[in-house]
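Every number in this text was worked out from the coordinates using simple rules, so none of it is lab data. What you see is a predicted model, and the numbers here were worked out from it, not measured in a lab. Heads up, the Cβs are rebuilt from the backbone with ideal geometry, glycines too, and the neighbour counts pull from every protein chain shown.
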Amino acid sequence: MKKSAFILILAVYFNAVSCQTSSEKKSETKKPMETSYNKSDAEWQKLLSPEQYEVLRKKGTERPGTGIYNNHFKKGFYTCAGCGTELFSSEQKFDSHCGWPSFDGELGGGDRVRKIADYSHGMIRTEIVCAKCGGHLGHIFDDGPTATGQRYCVNSLSLGFKETVNDSIQK
Ligand SMILES: [Zn+2]
């Protein structure tokens, strides 16, 4: 009898341990996993210039006409300044005269730029962020002049650029 009581206690003990482990696992998955490229605010501040940090991480907007890629029409790829993901090609860029780099589409199958409803500043807009690092890019509008009808209005500070030397640009 003593032995079976001992086994019972053991069973209860291990059950309790396994329950504890599974609840710990549960709380781990509850942590926000917004992107696959999580960094702390302090890490971003080290990585980015103060101006880039303000736009990418605090959803700031550069003054129109001031960005380095506004009137920039070299052949290549525009990358996320936060994580380096290629987001747009120069073939998708057009001169929108709005003061910010504008694109009529994005690279990949629509999984690189995330669209989020934005009700700030008394407007209904769609914010665009880098899907990998969550960095704020700008906004997307459906008043584009090209066949896609889309206008990705992006801050230069949110972008990097990789120039291509040949014409091997793929959309
Ligand atoms: Zn990014």
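Residues are listed down the side, and each one gets a yes or a no for (1) closer than 15 Å to Tyr152 by Cα; (2) of a type in the set (Ser, Thr, Tyr):
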{"site": "Tyr53", "(1), (2)": "no, yes"}
{"site": "Thr61", "(1), (2)": "yes, yes"}
{"site": "Gly65", "(1), (2)": "no, no"}
{"site": "Phe73", "(1), (2)": "no, no"}
{"site": "Arg114", "(1), (2)": "yes, no"}
{"site": "Ala117", "(1), (2)": "yes, no"}
{"site": "His121", "(1), (2)": "no, no"}
{"site": "Ile128", "(1), (2)": "yes, no"}
{"site": "Cys133", "(1), (2)": "no, no"}
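Residue count for the stretch 80-105 under the criterion of being outside any helix (DSSP H, G or I) and either more than 11 Å from the chain's Cα centre (by Cα) or free of Cβ contacts under 8 Å to residues at least 60 places away in the same chain (or both): the result is 18.
Entry remark, the stretch 96-129: residues being aromatic (Phe, Trp, Tyr) and within 21 Å of His72 (Cα to Cα) number 2 in total.
Scanning the stretch 141-159 for residues that are within 16 Å of the ligand (Cβ to nearest atom) and either surrounded by fewer than 19 Cβ atoms within 10 Å (Cβ to Cβ) or among the β-branched types (Val, Ile, Thr) (or both) yields one hit, Val154. Note on the stretch 101-116: among residues that are in contact with a Ser or Thr (Cβ under 7 Å, 6 or more places away or on another chain) and more than 16 Å from the ligand (Cβ to nearest atom), the one that is nearest to Glu54 (Cα to Cα) is Ser102. Being within 13 Å of the ligand (Cβ to nearest atom), in contact (Cβ under 8 Å) with a residue 12 or more places away in the chain and surrounded by fewer than 20 Cβ atoms within 10 Å (Cβ to Cβ): is that true of Lys132 here? Yes. Take the conditions under 15 Å from the mean Cα position of the chain (by Cα), among the charged types (D, E, K, R) and surrounded by fewer than 16 Cβ atoms within 10 Å (Cβ to Cβ) and apply them to Lys58. Does it pass? When the stated conditions are applied, Lys58 passes them. Can you tell me which residue is nearest to the ligand (Cβ to nearest atom) among those in the stretch 42-94 that are of a type in the set (Gly, Ala, Ser) and closer than 17 Å to Val113 by Cα? Result: Gly82.
Within the stretch 117-126, is even one residue β-branched (Val, Ile, Thr) and within 16 Å of the ligand (Cβ to nearest atom)? No, that holds for no residue.
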